[in-house]
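Beneath this line is the structure, given in C-alpha cells, with notes to follow.
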Amino acid sequence: MYFDVSPKTLKIDLFGMNYQLEIFKKYLQDKNVRMVVIKGLRRVGKTSLLNVGLPESGLNYVKIDVRDSPFYDKKEFLLFLIKKIKEKAEGYWKKTIDKIAGMAAGYGSFSFELFFSKEENVSSFFEHLNEQLQKKRESLILAFDEVQLLKPTGFDYFLASVFDNYQQIKIVLTGSEIGLMDQFLGKEEYEAPLFGRAYLELVVGRIKEESIAKFLEEGFKQIHRAIAFEEIREVIHNFDGIIGWATYYGWFRSKEFSHIEALEKVKEEGKIIIRKELENFLAKRKSRNNYLKTIHYIAKGKNNWAALKQNFAKEGKRLADGQLSLYLKELMNVGFVEKINEQYFLVDPLLGYV
C-alpha cells in the first residue's frame with residue numbers, strides 16, 4: 001500500500017522508482033561493480049529503494065540500519081555486523097559462517113565477543129568468508145543505511161580494506177546528509193581511506209508535482225476514497241515533492257481524518273521529527289543562534305549571500321565571510337539547506353515551520 005508509513009519492502013508498493021530500482025539491481029548484479037552509493041534527502045525513499053532492491057538482486061545480502069546499531073564505537077559495530085551476518089545465514093551459509101567463526105561460534109556469547117574484540121580475528125573472519133564465497137562463486141552484499149554516522153569511528157578504513165582485499169564482498173552505502181557522505185567517501189580528499197575507490201552512484205530526489213498528484217490519486221484508490229484537486233494542490237504546496245510527508249498525509253486520511261486535520265497532523269508530527277534532527281545538529285555547535293538565524297532568514301526568502309549578510313548586520317551582528325560560509329556549508333552538509341543558482345533554500349518546507 002502506498003500510504004504505509006514504514007519503509008517499503010515490496011516492489012508493488014514502491015511508487016515512481018522503477019527506473020532507479022532497475023539501475024540499482026543492474027549495479028548489484030554486475031561483477032565488476034564493488035561499491036554502490038545511494039544519496040538523497042531525508043524522506044525521499046532511499047531506504048525503501050534499498051529494502052526492495054537487495055532481495056530483488058537475487059544475491060546474498062546483510063542490511064544494517066546504522067541508526068539502530070552501536071555506531072559510536074568501531075569495535076562494537078564490527079561485532080554487531082558479524083552477529084548480523086551470522087543471523088542472516090541460512091542453509092549451507094549457516095554452517096560456513098559457524099565454521100569461519102571457529103571456537104567463538106561455539107562457546108557462548110562472552111567467548112564470541114572476546115574472540116572478535118581482536119582486529120586480527122575480525123580480519124580472519126572476513127578473509128575466510130571471502131574464500132568461501134569465491135569457492136561457491138557467489139557474492140555477499142554488505143549494505144549500510146545512513147553510513148555517515150560511522151565516520152567518527154574510522155569505519156571508512158575498514159570499508160577500504162574490504163574493498164581492496166575481499167573481492168566477493170560488495171558494499172552498498174546510503175546517506176541523507178549528502179555533504180557528510182561526500183566526506184565519508186573521500187571526495188577530493190587524497191588522504192581519505194575511501195579516496196580513489198570506484199563506485200557507482202544513485203541519487204534519489206524529490207518527485208515532481210505531477211508525480212505527487214499521481215501518487216495521491218492512486219493511493220486514494222487503494223483505500224477506496226477520492227481526493228479533490230484542490231486538496232492535492234494544498235499537499236504539494238505544504239510539503240513540496242517530499243514523498244515521505246505525502247505518505248503521512250495519505251495515511252492520516254486512510255484513518256478517517258479530514259483534509260485539514262491530516263495536513264495539520266503531518267505538520268505537527270513532522271515538526272517533532274525535524275526539531276529532533278535540528279537539535280542533534282546544534283548540540284555540538286557553539287554558534288547555535290547564528291545557525292538558527294541563517295535558517296530563519298532563508299525561510300523568509302532572504303536567501304542569497306548579500307541578503308543574509310545584510311540581515312545579520314541589521315541585528316547588529318558583524319559576521320565575517322568565513323563564518324557565514326561555514327554556517328551555510330554545514331547546513332548543506334547535513335541536508336537542511338541546498339544551493340541553486342547562487343540562492344539558498346530549505347530542503348524541507350517543514351523546517352520553516354520549526
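The values are calculated or read from the model by the stated rules, or taken from the named source; none is laboratory data. In this text, all values refer to a predicted model and were calculated from it rather than measured experimentally. Using ideal geometry, Cβ is built from the backbone for each residue, glycine included, and neighbour counts are taken over all protein chains shown.
Tell me which residues, restricted to region 206-240, are surrounded by 13 or more Cβ atoms within 10 Å (Cβ to Cβ) and not in a helix (DSSP H, G or I).
Arg206, Ile207, Ile223, Ile227, Asp240
So Asn280 clears everything in (1) assigned by TED's automatic domain parsing to the domain that holds Val347; (2) free of Cβ contacts under 8 Å to residues at least 12 places away in the same chain except one condition, right? Which one?
Of (1) assigned by TED's automatic domain parsing to the domain that holds Val347; (2) free of Cβ contacts under 8 Å to residues at least 12 places away in the same chain, only one is false for Asn280: (1).
Would you pick out the residues in region 312-331 that are surrounded by fewer than 12 Cβ atoms within 10 Å (Cβ to Cβ) and assigned to a loop (DSSP other than H, G, I, E, B)?
Of everything in region 312-331, those that are surrounded by fewer than 12 Cβ atoms within 10 Å (Cβ to Cβ) and assigned to a loop (DSSP other than H, G, I, E, B) turn out to be Glu315, Gly316, Arg318, Ala320.
For region 207-228, how many residues meet the condition of being in contact with a helix residue (DSSP H, G or I) (Cβ under 8 Å, 6 or more places away or on another chain) and closer than 16 Å to Leu49 by Cβ?
Summing the residues that are in contact with a helix residue (DSSP H, G or I) (Cβ under 8 Å, 6 or more places away or on another chain) and closer than 16 Å to Leu49 by Cβ in region 207-228 gives 2.
With the structure loaded, tell me whether Leu263 is buried (at least 18 other Cβ atoms within 10 Å of the Cβ) and either at pLDDT 95 or above or among the β-branched types (Val, Ile, Thr) (or both) or whether it fails that test.
yes
Condition check ((1) of a type in the set (Gly, Ala, Ser); (2) farther than 30 Å from Ile212 by Cβ; (3) within 19 Å of the chain's Cα centre (by Cα)) across all residues:
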{"residue": "Phe252", "(1), (2), (3)": "no, no, no"}
{"residue": "Glu261", "(1), (2), (3)": "no, no, no"}
{"residue": "Glu268", "(1), (2), (3)": "no, no, no"}
{"residue": "Ile298", "(1), (2), (3)": "no, no, no"}
{"residue": "Lys317", "(1), (2), (3)": "no, yes, no"}
{"residue": "Ser325", "(1), (2), (3)": "yes, yes, no"}
{"residue": "Phe336", "(1), (2), (3)": "no, no, yes"}
{"residue": "Phe345", "(1), (2), (3)": "no, no, no"}
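Taking the conditions exactly as written (free of Cβ contacts under 8 Å to residues at least 12 places away in the same chain and not β-branched (Val, Ile, Thr)), does Asn303 satisfy them or not?
So Asn303 does not fit the description; no.
When you go through Ser48, Ser69, Ser57, Ser6 one by one, which is the residue that is of a type in the set (S, T, N, Q) and not assigned by TED's automatic domain parsing to the domain that holds Leu142?
Ser6
Residues are listed down the side, and each one gets a yes or a no for (1) loosely packed, with under 15 Cβ neighbours inside 10 Å; (2) under 19 Å from the mean Cα position of the chain (by Cα); (3) at pLDDT below 80; (4) in a loop (DSSP other than H, G, I, E, B):
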{"site": "Lys39", "(1), (2), (3), (4)": "no, yes, no, no"}
{"site": "Arg43", "(1), (2), (3), (4)": "no, yes, no, yes"}
{"site": "Gly58", "(1), (2), (3), (4)": "yes, no, no, yes"}
{"site": "Arg67", "(1), (2), (3), (4)": "yes, yes, no, no"}
{"site": "Ile82", "(1), (2), (3), (4)": "no, no, no, no"}
{"site": "Ile85", "(1), (2), (3), (4)": "no, no, no, no"}
{"site": "Met103", "(1), (2), (3), (4)": "yes, no, yes, no"}
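Filter region 12-36 for residues that are in a helix (DSSP H, G or I) and more than 21 Å from Gly241 (Cα to Cα) and give the result.
If the condition is that a residue be in a helix (DSSP H, G or I) and more than 21 Å from Gly241 (Cα to Cα), then Glu22, Ile23, Phe24, Lys25, Lys26, Tyr27, Leu28, Gln29 are the ones that fit.
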